[in-house]
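Before any comments, here is the structure.
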Amino acid sequence: MPHNIAMTMPLPATDQPDSAAQSAATDHSCCGKPAGRPRAADMEARMESLMGTAGCLFLQHGYSKVSLEAIAREAHVAVRTIYVKFGGKAGLFNAIITRHRERYFSTMANMDTDMRPIEQILGDFGLRISELISKPEAIRLHRMVLAEAGSNPELATTFYQVGPGLTRETLGRFFGRPDIAPLFRPGLPHEQLTVHLLNCIMGDQLSRLLFPPETAPTEAEMRAKVALGLDLFFRSALADPARLSQG
């Protein structure tokens, strides 16, 4: 059953580098890095440091209130470097979110071709997405984007395209696979299955954003929540829920 699979599945190992917007905010000392001209071999590390500094500033002050000049000053780089490497502030923000997301999903099997049982595939996905969104820094990021979305549509678009939108596209393709689609009740659009799965796994997102917990859930709490969410999803969406007792 998916409940048991989710509970016993190893929690994906993820790094918490300060290169990501959400991780950077956990340590405000990331705002300000040693100066110096990097050697070619150190360029990637310096870009990681730059993204960490920018992420820290975004979460401290808000995306709209942080200028490229402020980022460049704190990171000890030229503004031109940011334009050359990222194309501007939106490109830098894009890179930060993309890099952070990759820390959680880069080691996961491709859902387009993964041939494991569906319970295992979605159990793996559920644990990764739950860990990603459960960080206090992730909640701060979501609140920042929502607060500024009306006045800064570019921010909202950038965040959605490389974050939630990418997740929904991945799940939509998965539910449309020829071997996966027949498992579900006829007539359910892939988009609806995607939203239903995310809601079952993530739970009450409004409360999470309005009244964020001070600490992230424990591993055991996360496993239990994912297991219950997957059980609800499968029993409500599968064409033959009886298959759950056959695993």
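Every read-out reported here was derived from the displayed coordinates using simple, explicitly stated rules and does not represent laboratory data. Values in this document were obtained by computation on a predicted structure and should not be read as measured data. No Cβ is skipped: glycine too gets one built from the backbone with ideal geometry, and neighbour counts run over all protein chains shown.
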Next item on the list: Work out the FRET efficiency for Ser67 and Leu210 from their Cβ-Cβ distance, taking R0 = 30 Å, and round it to the nearest 0.05.
Entry: 0.50
Check: Which far-off residues, 5 or more places away or on another chain, put their amide H under 5 Å from the one on Phe184, with H placed in the peptide plane?
Finding: Ala239
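Count charges around Gly176 for me, please; just the other residues with Cβ under 13 Å from its Cβ, Lys/Arg as +1, Asp/Glu as -1. Kindly include the intermediate steps, with their values, before the conclusion.
On the way: positive: Arg168, Arg173, Arg177; negative: Asp112, Glu169, Asp179, Glu191.
Combined, the nearby Lys, Arg, Asp and Glu give -1.
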Note to self: If you take every residue apart from Pro136 with its C-beta less than 12 Å away from the C-beta of Pro136, what net charge results, scoring Lys and Arg +1 and Asp and Glu -1?
What the structure shows: +2
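Please work out how much length the chain gains when fully extended from Glu169 to Glu191, using 0.36 nm per residue of separation minus the C-alpha to C-alpha distance, in nm with one decimal. Numbers along the way, then the final one.
Numbers: separation 22, 0.36 × 22 = 7.92 nm, distance 0.87 nm.
Taking 0.36 nm per residue and subtracting the Cα distance, the gain is 7.1 nm.
Taking 0.36 nm per residue of separation and subtracting the Cα-Cα distance, what length does fully extending Ser106 through Asn152 add? Display every interim value, and only then the final one.
Values: separation 46, 0.36 × 46 = 16.56 nm, distance 2.95 nm.
Full extension from Ser106 to Asn152 adds 13.6 nm.
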Check: Which listed residue (Thr170, Ala90, Phe159) has the Cα farthest towards the positive end of the charge dipole for the range 64-182, taking +1 on Lys and Arg C-beta and -1 on Asp and Glu C-beta about the Cα centre?
Finding: Ala90
